[in-house]
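Notes for the one structure printed next.
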Amino acid sequence: MDDVFVKKSDPILEAEGLKKQYGELVAVNVNHLEIQRGQVTAIIGPNGAGKTTFFNLLTGFTRPNQGSWVLNKKSGGQNIPTLIGGLPTYQIARAGMVRTFQVTKTLDRMTVMENMLLSSQKQMGEKMLRSVWPNWKTQQYLDTQKAEELLARYGLKEMKNNYTSTLSGGQRKLLEISRALMADPELLLLDEPLAGVNPALIEKILGYMRDLANQGVTIVFVEHNMDAVVDVSDWVVCLAEGSVIAEAEPKNLINNQAVIDAYLGR
Amino acid sequence: MGVGEVTINALQACVGVGAIAYAISGVGLNLQFGFTGLLNLGHAGSMMMGAYGTAIFVEVTGFSDSNLWVRLPILGAGVLIGILAADIMGFILGLFTLKLRHEYLAIITIAFAEILRRVIRSKWGKENLETGGANGIQNFAEAFYNISPIPPNGHYGIGDFTFTGRQVWLFLWALPTLILIILLIRTLLNSPWGRVIKAIREDEEVARSLGKNVFLYKLQSLCIGGTIGAIAGILFAFERQNVTPDDFEPELTFYVYTIVILGGTSKIWGSVVGSIVFWFSLIWLEGIVKLAINENWLWVASVLKLNNAQGGVIRFILVGLTLILLLAFRPEGILGKKEGATANG
């Protein structure tokens, strides 16, 4: 399989021969996949198709049995590190690829603002020996302002001093997205950002995703809500049994027979 | 002996150097357990490494030298070596265990500390490492007391509430050490470094997904906590002028856990409050139980047939009971806030 792949003009991420097996079960087996820079790409597929495992492989949470992926292969002279899969998770995040989780992970015994500040990159106060001397406070002040702007944009500003355990499900989703953005990612991976979210908030989150894409952030997301997928994505990749069975623009993909058979089922 | 005397004894114990040493040890454990979420059950091992590192170094180098100005620097170097020994232990332990899940970390740390203790206690340790075996090492900190400006045999205090000159001299060092350590740890925890540490406690996957080197932070936390544990162990050994392997049985770790939980996990000052309450209750209960047996209160001696040896155990039963009740009704400890302790706030 997998000869369905489509070459992209400016890929931010290229996966090559990525394979993950659990015993006999092949969870992910992607021969080649490219993600176009600056676009919103959706990954769909039936439960157990390997979507979350694919995310875990890309972000280093799971080690592949074989294969690799590269971020910014053609960096066009910019000083962006070229990365090969298999790096520790934290280095992947530092390289500009930040994810959210299928089951929202907020840090409950910390405030909303602490959640946000944690995500800021290259903080000198995070180094043990430098944290003792408070000259990190200038940076923290700037980070706080940036966090407040983000929180205001996503309607969480009033809760900034609340413990995150007091937030509602939807607010947690929003916090997770704003927290990821605080790290200034180039590539944002959202694992089911709309799961368990009410219709009005779905509209909002989709709007935010489009805004981010317009600002140049590349988004890859896993989602089951097909209306939302068609609404927001520029490109859709369909996984089944670990492999890519089709990729296309959304309006073409929903009429693809393989996708209908494996996933949409009508 | 009456209730008044028992109470004064308990009051003396809860502000003494022993209580300060336990409070310091609690601060170190709290950093690991309360703030980083590392279930380290080998904390007694760090304390032991500190105490033995100091004592062995003094013994093999300048123990018998009669010149104070030789013995004193050697004792100072011994203290540093004790701390270093605990650090090395924490580092090695961390390298092999920090990628494991909580329960495995707990098992390995308690086993590692106990293995070390057995080695120190063994004949092999006595012959090859100068550990003194089961008898331990005595009088290694004499140089410290020799430079005391306070007459060692005087008594200082009010009425029955008095301390010896030696106790006061050690106290004058122990209290600033405690305060300094608390201020340092507070600074660390209020910084972005501390924020990462707390995030690891809450959910280490989040910390990793946001670019934090979780392993390094855990290792740092383990080593700082171990350093503080070593300082506590050294103070403890200085107070008694005696280190024996049986002072560092696993139950010591659980006493320190009691102190941390009593005062409130993830409250730095909690360990101080916890230690005061722990020592007061322990010594007060010991005295009261003894009094009850001797004076046959509630027929404990005539009907329940308790003797003094059994009485000594009862206080630990009561302390254990207190801990259970505390965890059931006030899991956040004395200083803690409700949000901190329960899962759903």
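Here B:Val168 sits with roughly 40 square angstrom of accessible surface, probe radius 1.4 Å.
Rounded to the nearest 500, the helix-only mean residue ellipticity at 222 nm of chain B stands at -23000 deg cm²/dmol, with each DSSP H run of n ≥ 4 adding -39,500 (n - 2.57).
With the cut-off at 1.5 for a/c, could you classify the stretch B:3-341 from its C-alpha gyration tensor as rounded, prolate or oblate?
Numbers: a/c = 1.58, a/b = 1.11, b/c = 1.42.
In terms of gyration-tensor shape, oblate.
Our coupling estimate for the stretch A:39-49, obtained by passing each phi through the Karplus curve with A = 6.51, B = -1.76, C = 1.60 and θ = phi - 60°, is 10, 9, 10, 9, 10, 10, x, x, 4, x, 6 Hz, Gly and Pro reported as x. Rolled with a 1.4 Å probe across the full set of protein chains, the surface gives B:Ile317 an accessible area near 110 Å².
Do any GluC sites (Glu not before Pro) in the stretch B:237-345 lie in a DSSP loop with no more than 12 other beta carbon atoms within 10 Å, and if so, which?
Within the stretch B:237-345, the qualifying GluC sites (Glu not before Pro) (loop, at most 12 other Cβ atoms within 10 Å) are B:Glu295.
If I take every Cα pair under 8 Å that is 6 or more residues apart in chain B, average their sequence separation and divide by the length, what percent do I get for the relative contact order?
Numbers: 548 pairs, mean separation 107.5, N = 345.
Reported as a whole number, the value is 31 percent.
Straight-line cross-link reach from A:Lys157 at under 23 Å between alpha-carbon atoms covers these lysines, not counting any fewer than eight positions away in the same chain: A:Lys105, A:Lys137, A:Lys146, A:Lys173, A:Lys204, B:Lys198. Between B:Glu127 and B:Trp173, the modelled labels are 3.5 nm apart [label points 7 Å from Cα along Cα→Cβ].
Residues B:Trp299, A:Trp69 ordered from highest to lowest accessible area at a 1.4 Å probe: B:Trp299, A:Trp69. Taking other residues whose beta carbon is less than 14 angstrom from the beta carbon of B:Glu142, and scoring Lys, Arg as +1 and Asp, Glu as -1, yields 0. Given springs between every Cα pair under 10 Å in a Gaussian network model of chain B, which of B:Asn30, B:Asn153, B:Asn242 has the largest fluctuation? Highest fluctuation among the options: B:Asn153. Couplings for the stretch B:130-143, taken from phi via the Karplus curve 6.51 cos²θ - 1.76 cosθ + 1.60 with θ = phi - 60°, read 6, 7, x, x, 5, 7, x, 10, 10, 6, 7, 9, 4, 4 Hz in order; Gly and Pro are left as x.
The 1.4 Å probe gives accessible areas that order A:Thr100, A:Thr52, largest first, as A:Thr52, A:Thr100. Take each residue of peptide A:97-109, count the partner chain Cβ atoms within 10 Å of its Cβ, and average: the result is 4. Amide H to amide H distances under 5 Å link A:Ile44 with A:Val237, A:Cys238, A:Leu239, where only residues 5 or more positions off or on other chains count and H is placed in the peptide plane. Remark: relative contact order (chain A) = 27 percent; criterion is Cα-Cα distance under 8 angstrom and separation of 6 or more residues. Put simply, the amide H of B:Ile334, placed in the peptide plane, has neighbours under 5 Å in B:Gly263, B:Gly264, leaving out anything fewer than 5 places away on its chain. Extending 7 Å from Cα along the Cβ direction at B:Leu321 and again at B:Asn153 yields two label points whose distance is 4.5 nm. Here the stretch B:3-341 has 67 percent of its accessible surface on carbon and sulfur atoms, given a 1.4 Å probe and all protein chains in place. Between B:Gly78, B:Gly28, B:Gly311, the GNM of chain B built on Cα springs shorter than 10 angstrom shows B:Gly311 fluctuating the most.
Between A:Lys122 and A:Gln39, the contour length at 0.36 nm per residue exceeds the alpha carbon distance by 27.2 nm. Counting Cβ atoms of other protein chains within 10 Å of each residue's Cβ and taking the mean over peptide B:195-203 gives 6. Sorted on the mean count of surrounding Cβ atoms within 10 Å across their residues, most packed first, peptides A:55-63, B:2-10, A:15-23, A:243-251 read A:55-63, A:243-251, A:15-23, B:2-10.
Order B:His43, A:His32, B:His155, B:His102 by their accessible area, 1.4 angstrom probe, all chains in place, largest first.
Values: B:His43 0, A:His32 30, B:His155 125, B:His102 105 Å².
Highest to lowest solvent-accessible surface, that is B:His155, B:His102, A:His32, B:His43.
Using a 10 Å cut-off around each Cβ of peptide A:117-125, what is the average number of partner chain Cβ atoms that fall inside? Working shown, then result.
Numbers: counts 2, 11, 7, 4, 3, 1, 6, 3, 7.
Taking the mean over all residues of the peptide, I get 5.
Every helix of 4 or more DSSP H residues in chain A counts as -39500 (n - 2.57), and over all residues that averages to -9000 deg cm²/dmol at 222 nm.
Considering the stretch B:129-178, its Cα convex hull presents a mean projected area of 5.5 nm².
Specify whether the C-alpha gyration tensor of the stretch B:232-294 places it in the rounded, prolate or oblate class, a ≥ b ≥ c being the square roots of the eigenvalues: rounded for a/c under 1.5, otherwise prolate if a/b is larger than b/c and oblate if not.
Working: a/c = 2.01, a/b = 1.10, b/c = 1.82.
Oblate, because a/c is 1.5 or more while a/b does not exceed b/c.
The string of couplings for the stretch A:138-148 from the Karplus curve (6.51, -1.76, 1.60, θ = phi - 60°) is 4, 4, 5, 4, 5, 4, 4, 5, 4, 5, 5 Hz, one whole number per residue in order, with x for Gly and Pro.
Partners of B:Lys305 within straight-line reach, counting lysines whose Cα lies under 27 Å from its Cα and excluding those fewer than 8 residues away in the same chain: B:Lys290.
The values are calculated or read from the model by the stated rules, or taken from the named source; none is laboratory data. Note that the structure is predicted; figures quoted are calculated from it, not measured. Every residue, glycine as well, gets a Cβ built from its backbone with ideal geometry; the counts of neighbours run over all protein chains shown. Note: areas computed on protein heavy atoms with side chains; ligands, DNA, RNA excluded. Shrake-Rupley method; radii C 1.70, N 1.55, O 1.52, S 1.80 Å.
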